[in-house]
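Below you'll find the structure, written out as structure tokens, and then a few comments.
The values are calculated or read from the model by the stated rules, or taken from the named source; none is laboratory data. On a predicted model such as this, the values are computed, not experimentally measured, just so you know. Virtual Cβ from ideal backbone geometry, glycine too; neighbours counted across all protein chains shown. Quick note on the areas: whole protein, heavy atoms, side chains included, nothing else; ligands and nucleic acids left out. Shrake-Rupley method; radii C 1.70, N 1.55, O 1.52, S 1.80 Å.
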Amino acid sequence: MSHWFHRNPLKATGEVKFDMKMVASDSQALKICSDLKQSRKRVLELLPDANHEISVVEPALTLYLALLRGLIYAPDSTDWSKLRHSLRFKWTHSVLGNTPESQFDAIFELVSVLQNAAFWYFKHAAKVAAQDDVSSDEAKEVHRSLRRGAGLLQHAQNEWLPHLLQQPLAGSDGDPRVHTAYLNQATAEAQEVTIARAVELKHNAGLISALCHETSKMFTTAADSLASLDHKIFGHWMNYLRLKAAFYLAYAYNYSGENLLNQDKCGEAIRALQEAKKSYEGAAALCKEYSTTKGPGTKAKPDRHQFFRRIAPIINRTLEKCERENGMIYHQKVPYDAPELELRATYGLASPEEYCLPPAAPLWCAATYAAFDLTKNMASDPAVNSKAAQKVEGDLAPVQEAAVHQKDADHKSDSGCSLM
């Protein structure tokens, strides 16, 4: 699905030296500091490139998070580590530009890394979906990547964000409104994979309609969650979510019309197809609005995609058929109100993949933990911790993301979608 998905920028971060003071020199403690620095660097090298395989990114992420966990919990304990507030971490937010937020809190680092890893999964899914030919296994990889990314976001938001001492900034990646948008978008896009397969394999029209309706509602929820934020910043993203909601509503009514016709309810089928045509026209108008709205993130081109274009002639042909047969055979009244769509699909609904933080790295033990000196950390240094000192450091450079191949040629499948 080339140019089908909107993606926001990755979060940028400042260097962390992990220069933690010690009571006495300890080889294991020194190794922890070195490993933290190197494993963080490795993760930050991998995430800007969505072309990497999951099998490369996941082990690197797990290694760093296992080491980072030792800064959050004391060894063999559920108590907070004495080192939790010993280092300052700086991160930007995906839609708020290059000005970083900084906190002396390892949980802030954990949340930010989980969020950025989730964004990588979303970008990787878009990369795989944009290939010339997508196999069944690759379509499953797209589906799993979107669910995995959603699971990382859900874990960060539910399990760790409440423990931060500072409230999330408005419009930040920790803002519940932004989180809701990302979570619903990822889950809805995972369901797009299911819909594409169902359309290609010509599954029951009622099932496809219900899936499309659920997916439309998810995109609507995502868009609505951003409505109270600054439109100049979030409008571009919000318009993408709105156009996807309208597009899948058109699909839902189209397949509802087909299903009603199969039940000899020709009058209701006509009304459903009229609504499908109206929703499709709304989606096409929103595509133009999206393309002209400025804001962070990529510029998707869904209206150029075959999966988008194919539905218009299908709606028109089916509507013409229904009107013709209603005039010759059924003679049914066309209702004023569109028929109700099925509220919930019985199969194919996606959900975030559950995620658990890896256990602490074996290097973290009581003796190593004791070697670190809590009284000599950056958090107690006024020269480092003052707001004035942080302001002087300025903005962070945006992440330079690797290019991902996008093609404009139509796919050979009947559905027009590569995800089969």
Could you work out the local net charge near Leu67, counting Lys and Arg as +1, Asp and Glu as -1, over the other residues with Cβ closer than 13 Å to its Cβ?
-> +4
Helix 106-129 sits off the longest principal axis of the Cα atoms of the chain, rounded to the nearest 10 on a 0 to 90 degree scale, by 40
Rounded to the nearest 10 Å², what accessible area does Thr375 show when all protein chains are kept and the probe is 1.4 Å?
-> 110
What residue among Ser112, Ala125, Ser136 has its Cα farthest toward the positive end of the dipole of region 34-172, where the charges are +1 on Lys, Arg and -1 on Asp, Glu, each on the Cβ?
-> Ser112
Using the 2.2 N^0.38 Å rule of thumb for compact globular proteins, work out how region 7-108 stacks up: its C-alpha Rg over that value, please.
-> 1.16
With unit charges on the beta carbon (Lys/Arg positive, Asp/Glu negative), name the residue among Thr318, Ala245, Leu261 whose Cα is farthest towards the positive pole of the charge dipole of region 215-333.
-> Ala245
Asn262-Cys356 pseudo-label distance in nm [points 7 Å out on the Cα-to-Cβ vector] = 4.2
Expressed as an acute angle from 0 to 90° and rounded to the nearest 10, what is the orientation of the C-alpha long axis of helix 231-262 relative to the principal long axis of the chain?
-> 40
Inter-probe distance in nm under a simple model that places probes 7 Å from Cα toward Cβ, at Gln167 and Asp26 | 3.9
Could you give the dipole magnitude of the chain about its Cα centre, charging the beta-carbon of Lys and Arg +1 and that of Asp and Glu -1, in debye to the nearest 20?
-> 620
Tilt relative to the chain, helix 54-68 - C-alpha long axis, 0 to 90 degrees, to 10 | 40
Note down the nm distance, to one decimal, between modelled labels 7 Å out along Cα→Cβ at Leu201 and at Gln38.
-> 4.6
Quick one: what Rg and Dmax do you get for the chain from the alpha carbons, in Å?
-> 24.9, 93
Across 5 Å bins from the origin, how do the percents of Cα pairs in region 119-242 run, short distances first?
-> 2, 11, 18, 19, 20, 15, 8, 5, 2, 1, 0
With x for Gly and Pro, the residue-by-residue ³J(HN,Hα) of region 200-210, computed from phi through the Karplus equation 6.51 cos²θ - 1.76 cosθ + 1.60 at θ = phi - 60° and given in whole Hz, is 4, 8, 6, 5, 3, 4, x, 5, 4, 4, 5
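Please compute the net charge surrounding Leu165, taking Lys and Arg as +1 and Asp and Glu as -1 over other residues with Cβ under 11 Å from its Cβ.
Residues near Leu165 contribute 0 overall.
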Considering amide H positions built from the backbone, and no H for Pro or chain starts, which residues 5 or more places from Met20, or on another chain, come under 5 Å of its amide H?
-> none
Subtract the Cα-Cα distance of Ile329 and Lys140 from 0.36 nm times their separation in residues, and report this length gain in nm to one decimal.
-> 63.6 nm
